[in-house]
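Written out below as structure tokens is the structure these notes cover.
Rule-based calculations on the coordinates, nothing more; no lab input. Not measured: the values here are computed from a predicted model. When we count neighbours, we look across all protein chains shown, and the Cβ atoms used for this are built from the backbone with ideal geometry, even at glycine.
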Amino acid sequence: MSGYYRRDPDELREEGSGGLSLSGPRNPVPDAKLVELKPLGYPIREPGMGKEVVVDSYEAFNAYAREQWLGEIVKEGMILFDTGIVHSYAFKVVRVVPSGAGRVTASTKFVLRLRSEEDRMEVPRLTLDDVVGHAEVKRACRLLVEYLRNPEELSEWAPRTVLFHGPTGTGKTRTAKAVAGEAKVPLLRINAAELLGKYVGEASERIRRAFKRARESAPCVLFVDEIDALGLDRRYQELRGDVVESVNSLLTNLDRLKERSEGVLFIAATNHPDLLDPALKNRFEYELEFRPPDREEREELVRYYAKRLPLPLKVDPAYIAARTSGMSHREIKERVLKRALLEALRDGADAIEKEHVRRALREEGGDRRGRQVYHG
């Protein structure tokens, strides 16, 4: 790695390749447990120079990043430059755990947020407190969080394969993010349809790569949404030629996950658990059901989102809760509160009044108090 030299952690420069000096007894800086980087590209590049970064091994990338920025004090929002192989390539520091700024040590874990849709990985900022309702689900998720925090101690006891199921919009994805965010570990989020391929062997190879990526970033959460698209009952092989291939690949990787203590939590979500292959369904150690919110949860949900609305909500949350029976968490936000906000903005009002909510409910189809379950 030409142009590179190792820095002594005790002799940091005030200015350098992007590090931040916060030295001195007045401002003690903690060691960075995790640094999440986003590739930005070159500040200036000649035509023909590629701007995408390609990583063959995340274990090797971590060793390379630690060696390059060892001793640097980094903070969220700053830019680091590669001084080695991809000289002058820029990375933005997206997140530093635990405190937003920290010193890179020999044990710092680097997470690379790649641009491709298949490789979405980030440390979510949500926690379980940001999940409204679902008290029993959140209680069960506490063990998942503890496993991610202490994978070696709890490997024998904590579930490592979990199925979230329930109607759309009830908070399955948000809860998966909250589990990772609560534990302060990366979440690799993939839609199952993205893993399907056109050719024989393509789906199994994509599944293998996803699990490999998760293992290299462990402890981490591998979240696969709409798992029924990938783990369809093998009786449907005649409808889609790769059903057996994709299910077998999932079974193989899940068995390895359960046999070895690798610090990976696999969470899958589906609206249709009845479509899953029975062998795959049996691999899940936890099954957590997500239901539409009851009246008390709907009222809590309105209060939660009212704090985030750009205009004050001058309507009793109980009024909205009483008229949204059967609606999911997402529908209350998108189809009621967001529409009521739009009505208020159209009127040039400085607050969301009851009339704006009434209009939103009329657009949605009126009072739904007699409806118990929503499958929209």
Going by Cα centres, region 259-310 and region 178-228 are how many Å apart?
16 Å
The alpha-carbon pair-distance distribution computed for region 251-307, with 5 angstrom bins and whole-percent values, is 4, 13, 20, 15, 12, 12, 9, 10, 6, 0
Region 264-363: trypsin sites (Lys or Arg not before Pro) falling in loop per DSSP and having at most 14 other Cβ within 10 Å
307, 308
Filter 38/338; 314/338; 172/354 down to the pairs with a C-alpha to C-alpha distance above 20 Å, please.
38/338; 172/354
Output the antiparallel fraction of DSSP beta bridges having both residues in region 170-294, as a percent to the nearest 5.
10 percent
I need the trypsin sites (Lys or Arg not before Pro) found in region 80-157, filtered to DSSP loop residues with at most 12 other beta carbons within 10 Å of theirs.
115, 125
q = 0.13, 0.24, 0.28 Å⁻¹: log10 I(q)/I(0) that the Debye formula gives for region 295-364, counting C-alpha atoms only:
-0.29, -1.03, -1.44
Loop-only GluC sites (Glu not before Pro) in region 156-197, please: DSSP not H, G, I, E or B, and at most 14 other Cβ atoms within 10 Å.
156
Stokes-Einstein translational diffusion, region 146-213 - Kirkwood Rh over all Cα pairs, 0.890 mPa s, 25 °C, in µm²/s
172 µm²/s
For region 60-135, state what percent of all Cα-Cα pairs lands in each successive 10 Å bin, counting from 0 Å until the bin that includes the largest distance.
16, 45, 27, 9, 3, 0
